[in-house]
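Every number here is computed from the coordinates shown, using simple stated rules; none is lab data. Quantities reported herein were computed from a predicted structural model and do not represent experimental measurements. Every residue, glycine among them, receives a Cβ derived from its backbone with ideal geometry; neighbour counts consider all protein chains shown.
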Amino acid sequence: MEFVNPYLFWIFIVPFIFFAFLISTNKERLSRIFDEKVLMRLSATDESMPLILRNILVFAAIFFMIVALARPVKSLDDKVVNIQGLTLLSALDISGSMRSKDVFPNRLEFAKKKMNVFFDAMPSDEIGVVAFAYSPFVLAPFSSDKETLKMMVEGVDDSYINMGSTDFSALGELGAKLLEKKDPKIMVLFTDGGDEKAIAGFADVLKANKIDLYVVLVGTDKGAPVIDADGKPLMKKDGSMAISQRNDALGILAKENGGAYVVATTGKEDIEDLVAVIRGKYKNQQQGEVRVKQRVEYFYYPLGLGLLFLLIGLSSMPRRRKV
């Protein structure tokens with residue numbers, strides 16, 4: 001048996017001994033101060049428990065309470081608990097085409113809502129968040145605190161959008177670094193897609209690092225004008241309006257490499273279907289294990305004895321002699 005808080009025992013035992021000494025020697029000091037007849041009138045009758053026995057009970061009660069405060073326990077073998085769940089890296093597209101308004105209110109805000117649905121669908125899993133366009137960066141480290149992840153994603157607004165070309169290879173390299181020690185390695189993109197030329201190097205990075213890709217595609221086949229920071233449509237050099245359409249090439253790439261993709265809709269079924277595919281593929285995977293210390297608590301035994309002795313000692317308090 002051992003004590004969880006042994007320092008509390010030593011902190012309280014010293015003043016307890018001093019207190020017990022003062023109480024046990026108090027009678028002699030009283031006799032020096034008060035007249036013997038006065039003491040006889042103030043003293044208890046003989047009907048109660050003897051003073052010595054009552055003091056012993058009170059002292060024993062306090063002692064056992066101090067022992068209980070120190071929390072005696074018996075240590076058992078550690079219990080190994082397997083934590084079920086996956087570790088995933090999610091990525092939010094913040095390229096210029098995400099300002100397009102072919103979905104309400106625009107592709108960026110729509111993608112953020114789909115990410116929140118995705119977080120809710122994976123409550124016990126660890127998810128990291130990155131944003132990507134020309135240069136990817138980490139928005140939130142891996143965490144199972146979905147409310148915090150939602151707050152970080154919600155903070156991404158129009159000011160984050162980068163009008164430069166999307167560098168998928170840089171995204172793949174960052175993902176490989178963040179997922180280096182994860183097994184399996186899973187990346188989920190929320191994007192309006194990318195053409196075959198842009199994702200060619202991305203495919204090589206994914207294969208080299210054994211990263212499984214899943215994609216949530218936002219936008220429509222018809223597309224919508226690309227909007228600049230001032231809210232005006234961008235114009236091409238020939239004077240025509242720049243139109244951005246959803247490109248499914250990235251989804252096809254994911255499917256060809258053992259992953260999957262969905263086209264985002266206004267409901268939750270799209271994300272639920274994607275999560276079902278992910279869980280089905282990795283149903284035997286787990287995040288790891290945690291060793292939990294097991295103890296048998298014994299503090300209630302000395303606490304019970306202390307309360308019992310205190311109750312007996314106080315219930316036997318003497319009555320004053322009538323004057």
Add -39500 (n - 2.57) for each DSSP H run of 4 or more in the chain, then divide by its residues: what number comes out at 222 nm, to the nearest 500 deg cm²/dmol?
-> -13500 deg cm²/dmol
For the stretch 94-109, what does the Karplus curve 6.51 cos²θ - 1.76 cosθ + 1.60, with θ = phi - 60°, yield as ³J(HN,Hα) per residue in whole Hz, taken in order and with x for Gly and Pro?
-> 10, 6, x, 5, 6, 7, 4, 10, 7, 10, 8, x, 7, 5, 5, 5
From the phi of every residue in the stretch 204-216, what ³J(HN,Hα) in whole Hz does the Karplus formula 6.51 cos²θ - 1.76 cosθ + 1.60 yield, where θ is phi - 60° and glycine or proline is x?
-> 5, 5, 4, 5, 5, 9, 6, 9, 8, 10, 10, 10, 10
If you line up the long axis of helix 269-281 against the longest principal axis of the chain, both from Cα atoms, how many degrees apart are they, to the nearest 10?
-> 70 degrees
Candidates VAL275, VAL129, VAL216, ranked by Gaussian network fluctuation over the chain, Cα under 10 Å, top entry | VAL275
Within the set ALA70, ALA260, ALA131, GNM on the chain using Cα springs under 10 Å gives the largest fluctuation to ALA70
Looking only at PHE118, PHE64, PHE190, which one moves most when the chain is put into a Gaussian network model with springs between Cα atoms under 10 Å?
-> PHE64
Answer rounded, prolate or oblate for the chain, using the Cα gyration tensor with square roots of eigenvalues a ≥ b ≥ c: rounded when a/c is under 1.5, else prolate when a/b is larger than b/c, else oblate.
-> prolate
Tell me, what is the percent relative contact order of the chain, built from C-alpha pairs under 8 Å that lie six or more residues apart?
-> 28 percent
Sorted on mean Cβ neighbours within 10 Å (highest first), peptides 238-245, 101-108 come out as 101-108, 238-245
Under a 5 Å amide H to amide H cut-off, with H placed in plane at 1.01 Å, what residues pair with SER143 once short-range neighbours are removed?
-> ILE127, GLY128
From the cross-link list LYS150/LYS281; LYS113/LYS232; LYS232/LYS255, which pairs have alpha carbons spaced over 30 Å apart?
-> LYS232/LYS255
